[in-house]
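Comments concern the structure below.
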Amino acid sequence: MDYFIELLFSGLTRGSIYALIALGYTMVYGIIGLINFAHGEIYMIGAFTAFIVATVLSIYGFPLLAIVVVAGVAATVWSSAYGYTIEKIAYKPLRHAPRLSPLISAIGMSIFLQNYVLLAQTSDFLPFPELIPEFAFMEPVAHIVGSSDLVILVTTTIIMLILTFVIKFTRIGKAMRATAQDRTMAMLVGINVNNIISATFIIGSALAAIGGLLIASHIGQINFYIGFIAGIKAFTAAVLGGIGSIPGAVLGSLILGLTESFATGYISSDYEDVFAFSLLVLILIFKPSGLLGKAETQKV
Amino acid sequence: MLKLENVQAGYGNIIAIKDINLEINEGEIITLIGANGAGKSTTLMTISGVISARAGRILFKNEPIEKKPSDEIVKLGICQVPEGRHIFPQLSVQENLDMGAFLRKDKANIKKDLQYVFDLFPILAQRKNQEGGTLSGGEQQMLAMSRALMARPQLLLLDEPSMGLAPLVIKQIFEIIKQINTENNTTIFLVEQNANQALHIADRGYVIENGKITLSGPANELLENSDIQKAYLGI
Ligand SMILES: Nc1ncnc2c1ncn2[C@@H]1O[C@H](COP(=O)(O)OP(=O)(O)OP(=O)(O)O)[C@@H](O)[C@H]1O
Ligand SMILES: [Mg+2]
């Protein structure tokens, strides 16, 4: 039973990190119908920014809480700046081009950013400072649920609640939904669609950066390639849940995280990715639009 | 109030409208009639700044607006009910109406205007919480017009508001257009296939063919014009 609960929590932890990244894919897709293949790299850049800031601050002996806050803010701001800039230089000029062009531009952006970080940093795995301490109150259950699992679950839950509130009730959230549903009409009611698209990239990037920070301190190491793997997984989760759907991205991520965790725990860790992608193939055969997606074959 | 001077616009290699000249005075109802593909919707989208004018000038209250982005044009008081209604399908009726007032900050007046459109179309008040996409065609047209009214437009552009509606609903829609014009002094630019009814409520009309204005004049004269009778009135 303990083993089951351990797998359950590790699955939920994984799933919530996927969700933080998957939201960026799904929100951007919802607004401009583009799979932003560079999104995984935004997550990686978030992790690297946090790594650099946290490492420097720990050398100077700052308290842990200060390090976490500063690293978190730096990672979200820096990643958002990247997300914003990528949209402006790689996608916006191609907004009226055939659908394939921005997709290729996205793949190019992804490769560029990977190699840029590879050259600027190193191809080796770098040790990520431990930002989440083992809490004393968690000790009785520490063999089942780690403190960092708890922090990740609580943080992502809070972020999801805030995001839901923003999208449902705020002016910018309503404008985002309107733009996603009908861009021409959004323009006709006076929404500055360019600003909304930028805001979507910024929010998605900030979420991915937080995901990068959390997972890096959970696993304890990073390199330039983590964005590619996590990006593919999160993209899978977004498609699983129905790309374009925000609740779908969260649901798909949790299902994917749990599947991976249980399959690795009860069967074999060698086939982790096989399970993930088999699940995707199965769902797409029986429900091509994903679990919560709308039936629509137009966009890609 | 609005003046188009030699306006040209199109899509890719296609020039959809060329050398459009027309003028709309404050308080008027002006109609633009023409066959399918003549360039009516393109003209409206160019005025709204959704499509950019390739040549010519568009003056609103003597100020050039052809280079302005669409949100600034809405801010100036030009609103459009586009062809096909474009209801936000997953927003509720209430949220669709809220989007109409997106640029406004005067909460008290927004509330008044909401009451005004609910009085105009009581069915919308009943359907307040229903998703826009699930309304019937006629209800969607009412919602689309109400959403535009929520912006308190000075100039209202209407693209084929009667399309696909039952004769009785069409009659109601035209009556309300007339009512909006007289009650609020809203200037109206009405694009219609339904030339007969459009000319009956309009002050003046323009005829567009292959992207060019070929005829214009007071509505009652156009109704008598034998070319128009043959081409657009089916007489
Ligand atoms: N998005 C587009 N891309 C390419 N060509 C277009 C596009 N929209 C319209 N056109 C072309 O521009 C011309 C004018 O179209 P427009 O929609 O303005 O006509 P219309 O007068 O509104 O017709 P209708 O009465 O059928 O609505 C047509 O030849 C049409 O094929
Ligand atoms: Mg048209």
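The values are calculated or read from the model by the stated rules, or taken from the named source; none is laboratory data. Fair warning: this is a prediction, and the values are worked out from it, not measured in the lab. A quick note on method: Cβ atoms are made from the backbone with ideal geometry, for glycine too, and the neighbour counts reach across all protein chains shown.
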Kindly indicate which of A:GLY265, A:GLY231 is touching a helix residue (DSSP H, G or I) at 6+ places or on another chain (Cβ under 6 Å) and crowded, with 21+ Cβ neighbours inside 10 Å. A:GLY231
Selected residue [surrounded by fewer than 16 Cβ atoms within 10 Å (Cβ to Cβ) and facing another protein chain (nearest Cβ under 10 Å)] from B:GLY100, B:GLY133, B:GLY137: B:GLY133
More than 14 Å from chain B (Cβ to nearest Cβ), surrounded by 13 or more Cβ atoms within 10 Å (Cβ to Cβ) and either in contact with a Pro (Cβ under 7 Å, 6 or more places away or on another chain) or without any contact (Cβ under 8 Å) to a residue 12 or more places away in the chain (or both) - does that describe any residue in region A:113-132? yes
Return yes when B:GLU66 is within 13 Å of ligand 1 (Cβ to nearest atom) and closer than 25 Å to B:ILE14 by Cα and no when it is not. no
Selection within region B:36-67 - outside any helix (DSSP H, G or I) and crowded, with 16+ Cβ neighbours inside 10 Å: B:ALA38, B:GLY39, B:SER48, B:GLY49, B:VAL50, B:ILE51, B:ALA53, B:GLY56, B:ILE58, B:PHE60, B:ILE65, B:GLU66
If we scan region B:21-30, do we find a residue that is under 21 Å from B:SER162 (Cβ atoms), more than 11 Å from ligand 2 (Cβ to nearest atom), within 14 Å of chain A (Cβ to nearest Cβ) and modelled with pLDDT of 95 or more? no
How about region A:93-107: which of its residues are among the polar types (S, T, N, Q) and touching a residue at least 24 places away in the same chain (Cβ under 8 Å)? none
Given (1) in contact with a Gly (Cβ under 9 Å, 6 or more places away or on another chain); (2) farther than 30 Å from B:ALA231 by Cα; (3) more than 10 Å from chain A (Cβ to nearest Cβ), where does B:SER70 come up short, assuming only one miss? (3)
Within region A:160-176, the count of residues that are within 12 Å of chain B (Cβ to nearest Cβ), over 16 Å from A:ILE197 (Cβ atoms) and hydrophobic (A, V, I, L, M, F, W, C) comes to 1
Checked A:LEU34, A:LEU65 against criteria (at pLDDT below 95 and in a helix (DSSP H, G or I)); the one match is A:LEU65
I'd like to check something: does region B:61-77 contain any residue that is of a type in the set (Val, Ile, Thr), in contact (Cβ under 8 Å) with a residue 60 or more places away in the chain and within 16 Å of ligand 2 (Cβ to nearest atom)? no
Would you check if there is a residue in region B:34-47 being within 13 Å of ligand 2 (Cβ to nearest atom), among the polar types (S, T, N, Q), within 16 Å of B:LEU59 (Cβ to Cβ) and within 14 Å of chain A (Cβ to nearest Cβ)? yes
